1. Condition first: within 15 Å of the ligand (Cβ to nearest atom), in contact with a Gly (Cβ under 8 Å, 6 or more places away or on another chain) and either within 16 Å of Thr170 (Cβ to Cβ) or assigned to a strand (DSSP E or B) (or both). Can you find one or more residues in the range 115-122 that meet it?
2. What are the residues in the range 1-20 that are assigned to a helix (DSSP H, G or I) and either in contact with a strand residue (DSSP E or B) (Cβ under 9 Å, 6 or more places away or on another chain) or polar (S, T, N, Q) (or both), if any?
3. Check the range 125-134 and report whether any residue there is under 26 Å from Arg43 (Cβ atoms) and in contact with a Ser or Thr (Cβ under 8 Å, 6 or more places away or on another chain).
4. Considering Arg76, Arg86, Arg154, Arg135, which residue is of a type in the set (Lys, Arg), more than 11 Å from the ligand (Cβ to nearest atom) and exposed (fewer than 15 other Cβ atoms within 10 Å of the Cβ)?
5. Please report, ordered by residue number, the strands (runs of 3 or more DSSP E) entirely within the range 29-95 with at least 1 residues that are free of Cβ contacts under 8 Å to residues at least 12 places away in the same chain, closer than 28 Å to Asp171 by Cβ and of a type in the set (S, T, N, Q).
6. Restricting the search to the range 27-69, which residues are among the hydroxyl-bearing types (Ser, Thr, Tyr) and surrounded by 14 or more Cβ atoms within 10 Å (Cβ to Cβ)?
7. Given the conditions (1) farther than 13 Å from Gly88 by Cα; (2) out of contact with any helix residue (DSSP H, G or I) (no Cβ under 6 Å at 6 or more places or on another chain), and given that Ser155 satisfies all but one, which numbered condition is not satisfied?
8. Pairs, please: C-beta under 9 Å, at least 6 apart or cross-chain, first residue farther than 17 Å from Ala31 by Cα and at pLDDT 95 or above and in the range 96-113, second part of a loop (DSSP other than H, G, I, E, B) and more than 8 Å from the ligand (Cβ to nearest atom)?
Amino acid sequence: MAERPHDLAITIRATLSPEEHGSFDAVEAAAFGEAEWTEEQHREVTDRYSSAADANGYVLAHVGDRLVGTIRLFTRAVPFNGRMVRLGGLGGIATHPDWRGRGIAEAAVRAAMEELQQQGTEVAYLCSVPELGQRLYAKVGFAPLGRPYTYRGRSGKGYTDHDGWLAPLTDPVLCAAMLTDTEPLDLAGSNW
Ligand SMILES: CC(C)(COP(=O)(O)OP(=O)(O)OC[C@H]1O[C@@H](n2cnc3c(N)ncnc32)[C@H](O)[C@@H]1OP(=O)(O)O)[C@@H](O)C(=O)NCCC(=O)NCCS
């Protein structure tokens, strides 16, 4: 991997100004690119991942004054084994294509995990394909959920997926129990 930029700065903000939202969304759009979806597929993906408005934190990776990486942070109570778990979440993890392979996402994810832990969330959740999970997220403690999880889109429609990952934050014992359970994990809302 190329060297991490010497002037990389990671900051975490609770809110963004409208202008900052514009830059944030532009990095995310450049990173994820234009998918060749039909209108129907686009509607469904937007419904599945409709949590952006619930984000309660934003990780910003700057090189000099250029925003090059972003992550949205979430906090949500989800049911598990007869109790509610304070779940922390990472979504929209993105590095601008011009700045990839230089450790920017790894630095941003580490900062995100510290922030979620400081906020007192017990376990972290994200969704990822296996290759990226193993190369990036496993480094900061994530393990594959290994079974289905369920969630609801903004429309109320229920979905089931299999690409969940969990990591311990303030409660490693709880995280281990959630990883070894056999029932589908209920995200109690939309995915991120
Ligand atoms: C995924 C993404 C955020 C990685 O950003 P990055 O700044 O290039 O990542 P880093 O340089 O910090 O890489 C950290 C590790 O992840 C690995 N990695 C990065 N992208 C990868 C990918 N697409 N697949 C597999 N491994 C990947 C790197 O090789 C590195 O591992 P190494 O240290 O063993 O070499 C970036 O490629 C991106 O924005 N992709 C499009 C959006 C996306 O898919 N986001 C993730 C959603 S879960």
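The values are calculated or read from the model by the stated rules, or taken from the named source; none is laboratory data. Computed from a prediction, not measured in an experiment: that's the story for all the values here. FYI the Cβ positions are ideal-geometry reconstructions off the backbone, even for glycines, and counts take in every protein chain you see.
1. no
2. Across the range 1-20, the qualifying residue is only Glu20.
3. Scanning the range 125-134 turns up no residue that is under 26 Å from Arg43 (Cβ atoms) and in contact with a Ser or Thr (Cβ under 8 Å, 6 or more places away or on another chain).
4. Arg154
5. Qualifying strands (runs of 3 or more DSSP E): none found.
6. To start, the set of residues in the range 27-69 that are among the hydroxyl-bearing types (Ser, Thr, Tyr) comprises 38, 46, 49-51, 58.
Those that are among the hydroxyl-bearing types (Ser, Thr, Tyr) and surrounded by 14 or more Cβ atoms within 10 Å (Cβ to Cβ): Thr46, Tyr49, Ser50, Ser51, Tyr58.
7. Answer for Ser155: the failing condition is (2).
8. Filtered contacts from the range 96-113: Met113/Gly141; Met113/Leu169.
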